Amino acid sequence: MVDSKLKDNMVIMKKLFIFSLVMFVFGYALVPFYEKFCEVTGINNLLQPDVLAKENWVDNERWITVEFDANTRGLPWQFKPLQTSARIHPGESVNVMYQISNDSDREINGQAIPSYSPRSLDKYLKKFECFCFSKQVLKPKEIRQMPVQFMIEPNLPKDIDTVTISYTFFELPDGASTIAK
């Protein structure tokens, strides 16, 4: 009787070991399956510059001048782009730095709101990284540099050769997480 139970336990233990081993291998195999699935369906490449750059070809035959503007409304902040313009090819990823400083003696919360010229640019502008995505908290006398990474799609109408990207910072009321849209 004990021999029979021991044999039964050994059979169950072998089955559990094999099952555990299969599940372990299955767990490792899921990673490449998941990556392939996301690649095929396009799920995993949302706003990733390298993936978008592969999907959107760069129009090396065409140049666009991008002008950068920065403003504040009701804030004791100095805000400016570190370069006022850039000459780019449609489809290429661009990095631009802005600098902001809090000239006051108090901590201030602010949020940048973008605007574009021509107005239709928002259909062709893809931002990968931007300080405008979230509120910014600056301590008294703090100076900070903030990046904006973007791309202008190659299907921007051919008659547009100069665009402007502008940001205006507004103070956020205490306790607000972002500006209501």
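The values are calculated or read from the model by the stated rules, or taken from the named source; none is laboratory data. Remember, it's a predicted structure, so these values are computed and weren't measured experimentally. Every residue, glycine as well, gets a Cβ built from its backbone with ideal geometry; the counts of neighbours run over all protein chains shown.
Things to note:
- Test: residue in region 62-77 that is out of contact with any strand residue (DSSP E or B) (no Cβ under 9 Å at 6 or more places or on another chain) and under 25 Å from residue 160 (Cα atoms): yes
- Applying the set (1) buried (at least 16 other Cβ atoms within 10 Å of the Cβ); (2) modelled with pLDDT of 90 or more; (3) over 22 Å from residue 57 (Cβ atoms) to residue 131 leaves exactly one unmet item: (2).
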